[in-house]
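Chemist: Here it is, the structure in full.
The values are calculated or read from the model by the stated rules, or taken from the named source; none is laboratory data. What you see is a predicted model, and the numbers here were worked out from it, not measured in a lab. Cβ sites come from the backbone with ideal geometry, for glycine too, and all protein chains shown count toward neighbours.
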Amino acid sequence: MSLSPRQADESPSPSEDPHYKGHRDRLRDRFLAGGVDGLAEYELLELILFMAIPRRDVKPLAKSLLKKFGTISALFHASPEDLRLNGLSDNSITALKIIRAAAFQMMKQDVLNQPVLNSWPRLLDYLQATMAHEKKEHFRILFLNKKNQLIADEIQQSGTVDHTPAYPREIVKRALELSATAIILVHNHPSGDSTPSRADIDLTLHIINAARPLGIVIHDHLIVAKGGITSMKNKGLFPE
């Protein structure tokens, strides 16, 4: 049975001796001594929940949440409504979303203003983390300068569960505004299958044809899904 948000954050009376205090201290000590190595996933989630729920045994809640969502990653990507229905208060939900946003910002900073080819694995990790669990399609554009450094990362359009409108002229116009000389196209497939569709291929060719006369190179079109990332260029779907 799921705990209500009020139950999740309620505190014991001041006269009670919290039985979980020693457990929290030991878990913190293990984390500080060895990081996440050796911690079960629910224990890592416990450490996070400690900050939002300071006076409650959160082990049952952590285990319940992981049983429902499967992984911490899926939990962090869940909607506030889903989290609320599974026992988290607004305070706890806010804490999770802040940690998620901070993690994404750190990953973004690791690739921003860096040559793309030198940070390609980190770029793919960033895209996988930020887009793979989205429930709607988003069309993202990575703008590069003449040194192939990432200078801007923007969501151009958001759509439905299986379609996102993208406009070649708007993409090229934005590239010119940023003085970008190259672009990497990115969008996600909420279905979990990163296989390019016929529409994906046709759209890519339209964008390449719109950008080429202005000297803007389309390096790749990456399709992100829970199962991984597909490079259309590596698949041989780019014109020579």
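Chemist: Before we move on, is LYS67 of a type in the set (D, E, K, R), exposed (fewer than 14 other Cβ atoms within 10 Å of the Cβ) and in a helix (DSSP H, G or I)?
Modeler: yes
Chemist: Output yes when any residue across the range 226-240 is touching a residue at least 24 places away in the same chain (Cβ under 8 Å), among the small types (Gly, Ala, Ser) and either closer than 19 Å to LEU117 by Cβ or surrounded by 18 or more Cβ atoms within 10 Å (Cβ to Cβ) (or both), and no when none is.
Modeler: no
Chemist: Let me ask you something else. Restricting attention to the range 167-180, which residues are hydrophobic (A, V, I, L, M, F, W, C) and outside any helix (DSSP H, G or I)?
Modeler: LEU178, ALA180
Chemist: For the range 99-132, which positions are under 18 Å from ALA225 (Cα atoms) and touching a strand residue (DSSP E or B) at 6+ places or on another chain (Cβ under 9 Å)?
Modeler: Passing the criteria: LEU123, LEU124, TYR126, LEU127, GLN128, THR130, MET131, ALA132.
Chemist: Another one. Consider ILE223 against the criteria (1) free of Cβ contacts under 8 Å to residues at least 60 places away in the same chain; (2) under 25 Å from the mean Cα position of the chain (by Cα); (3) surrounded by 14 or more Cβ atoms within 10 Å (Cβ to Cβ); (4) over 30 Å from PRO80 (Cβ atoms): it satisfies all of them except one. Which criterion is unmet?
Modeler: For ILE223, the failing item is (4).
Chemist: Here are some conditions: (1) modelled with pLDDT of 90 or more; (2) among the hydrophobic types (A, V, I, L, M, F, W, C); (3) part of a loop (DSSP other than H, G, I, E, B). LEU96 meets all but one. Which one does it not meet?
Modeler: (3)
Chemist: Something else now. Go through the range 181-199 and count every residue that is outside any strand (DSSP E or B) and either under 27 Å from PRO115 (Cα atoms) or within 21 Å of the chain's Cα centre (by Cα) (or both).
Modeler: 9
Chemist: If you don't mind, another one. Give all pairs with beta carbons closer than 9 Å in which a residue from the range 130-148 that is assigned to a loop (DSSP other than H, G, I, E, B) meets a residue that is of a type in the set (Phe, Trp, Tyr) and surrounded by 22 or more Cβ atoms within 10 Å (Cβ to Cβ); count only pairs at least 6 apart in sequence or on separate chains.
Modeler: Note: no pairs meet the criteria.
Per-residue answers, yes or no, for (1) touching a residue at least 12 places away in the same chain (Cβ under 8 Å); (2) small (Gly, Ala, Ser); (3) out of contact with any Pro (no Cβ under 9 Å at 6 or more places or on another chain); (4) not assigned by TED's automatic domain parsing to the domain that holds GLY87:
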| position | (1), (2), (3), (4) |
| --- | --- |
| ARG28 | yes, no, yes, no |
| PHE31 | yes, no, yes, no |
| GLY34 | no, yes, yes, no |
| GLU43 | yes, no, yes, no |
| LEU47 | yes, no, yes, no |
| PHE50 | yes, no, yes, no |
| ARG56 | yes, no, no, no |
| LEU65 | yes, no, yes, no |
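Chemist: Any residue at all in the range 162-171 that is in contact (Cβ under 8 Å) with a residue 40 or more places away in the chain and among the basic types (Lys, Arg)?
Modeler: The answer is yes; a qualifying residue exists.
Chemist: Further, regarding this structure: Count, please, the residues in the range 135-194 that happen to be modelled with pLDDT of 95 or more and among the acidic types (Asp, Glu).
Modeler: 1
Chemist: Take the residues in the range 195-240 that are acidic (Asp, Glu) and out of contact with any strand residue (DSSP E or B) (no Cβ under 8 Å at 6 or more places or on another chain); name whichever of them is modelled with the highest pLDDT.
Modeler: Checked the range 195-240; the qualifying residue modelled with the highest pLDDT is ASP202.
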